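Here's the structure we're looking at; comments come further down.
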Amino acid sequence: MYIKELKLKDYRNYKELDITFDNQVNVIIGENAQGKTNLLEALYILAFTKSYRTTNDRELIKWNAEFAKVSGVLYKKNRNLPLELIFHKQGKKAKINHLEQSKLSEYIGALNIVMFAPEDLTLVKGSPQNRRRYIDMELGQIQPMYVYHLGEYQKILKQRNHLLKQLQQKQSPDLTLLEVVTEQLIAHASHVLLGRFKYLKLLRSWAIPIHYEISRELEHLRIEYAPSLQLDEEATLEDLKISLADQFKKIEKNEIFRGTTLIGPHRDDLLFFINDKEVKIYGSQGQQRTTALALKLAEIDLIYNEIGSYPILLLDDVLSELDDFRQSHLLSAIEGKVQTFVSTTNIDGINHETIQKAALFEVVNGVVTKK
Ligand SMILES: Nc1ncnc2c1ncn2[C@@H]1O[C@H](COP(=O)(O)OP(=O)(O)O)[C@@H](O)[C@H]1O
Ligand SMILES: [Mg+2]
């Protein structure tokens, strides 16, 4: 798959943009604050309907404009697939092939993206929320049903927390409604967990050997799921449901006392170890970077294996950060197979020949010109 065309209207610092891209490597050059990241972010948004930089869609609308439009044409399975997103202050609309998709789970997955950004280190160093978001986004784009179950889970979780707050206030709370809501929560939590466990197996199978290679065969990466409750990664959907029900029953009083849901996928985390030491705690800056890089590189192959088509790669200001060995590793992994967008302030920092023959675009204050 590759993106043929991108159109922007009143999006971030872009008033109007319509460009066609090369199906191999596209380099976006520009000084700071001209719109390089915004441009790559637009491609990301076209895949996920939301940004990785903000949870507030309103920030995407150009200042003083009413709405923002991000659209494009994806070439996939020998045909053109028009994608379109409109962000109003009240909400957003997503269209595939000019047809509005009522559920996000029906939109996400059409376009697959793997992004490398300076923020990637938060994947290792940041809060559990960063890692849950990572797994949710990556898994969502290859498994639309995951997006559905996660969305339902989050909706019911809110209701359940609200209910627990109400029960907290009461002398002798009636638990009938709580039991119903807990059952609904479990129905989706079990799918979310099952999805994550399956995904972790895939992620490990790709990321661990890649990590070994880019650490010059010196380091072994281990990835663990740290659940907020006792779980068996080999469990079936039924097992998970039973186990969740058991554990919710056990902590019912405590949850009412605390007025919130204490266990479930919204409290889980991922742990990374290098040579059996936790990277977040003991890893050097270099080891943290290598871990993040291996996780992202793994996505490329993982998506290809699951979807049958390579994702589109976005490299926002990260290439010049990598040493020559890692730069070469990355660029040879994508060579000729993966449409890639590279942003940089200075192309001289990137020596690889892939970059020398790329299509060049310059961005100045939200205006892009092909070089
Ligand atoms: N909603 C918005 N409306 C108008 N301008 C915006 C909006 N959001 C961000 N910007 C502007 O976009 C510019 C940053 O663009 P960015 O793509 O991050 O730069 P860089 O080229 O350094 O990657 C900044 O000048 C910022 O003020
Ligand atoms: Mg930038």
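The values are calculated or read from the model by the stated rules, or taken from the named source; none is laboratory data. Quick caveat: nothing in here was measured; it's all calculated off a predicted structure. Cβ sites come from the backbone with ideal geometry, for glycine too, and all protein chains shown count toward neighbours.
The residues on offer are Thr354, Thr340, Thr369, and the sole one that is away from ligand 2 (no atom under 16 Å from the Cβ) and over 26 Å from Trp206 (Cβ atoms) is Thr369. Residues that are within 16 Å of ligand 1 (Cβ to nearest atom) number at least 3 in the following strands (runs of 3 or more DSSP E) confined to the range 255-364: 312-316, 340-344, 359-364. From the list Asn32, Asn38, Asn13, the lone residue that is surrounded by fewer than 16 Cβ atoms within 10 Å (Cβ to Cβ), touching a residue at least 40 places away in the same chain (Cβ under 8 Å), in the same structural domain as Val342 (by TED's automatic domain parsing) and under 26 Å from Leu319 (Cα atoms) is Asn32.
Within the range 1-56, the residues that satisfy the criterion of being under 18 Å from Ser343 (Cα atoms), away from ligand 1 (no atom under 13 Å from the Cβ) and among the polar types (S, T, N, Q) are Thr20, Asn23, Gln24, Asn26.
The single condition from (1) within 12 Å of ligand 1 (Cβ to nearest atom); (2) of a type outside the set (S, T, N, Q); (3) more than 26 Å from Lys76 (Cβ to Cβ) that Val368 fails is (3). A single entry from Glu213, Glu183 fulfils the requirement of being in contact (Cβ under 8 Å) with a residue 12 or more places away in the chain and within 25 Å of Ser332 (Cα to Cα): Glu213.
Taken over the range 317-358, the criterion of being farther than 22 Å from His211 by Cβ, surrounded by 16 or more Cβ atoms within 10 Å (Cβ to Cβ) and modelled with pLDDT of 90 or more is satisfied by Asp317, Gln339, Phe341, Val342, Ser343, Thr344, Ala358. Every listed requirement among (1) assigned to a helix (DSSP H, G or I); (2) touching a residue at least 24 places away in the same chain (Cβ under 8 Å); (3) out of contact with any Phe, Trp or Tyr (no Cβ under 7 Å at 6 or more places or on another chain); (4) under 30 Å from Ala333 (Cα atoms) is met by Arg204 save one, (2).
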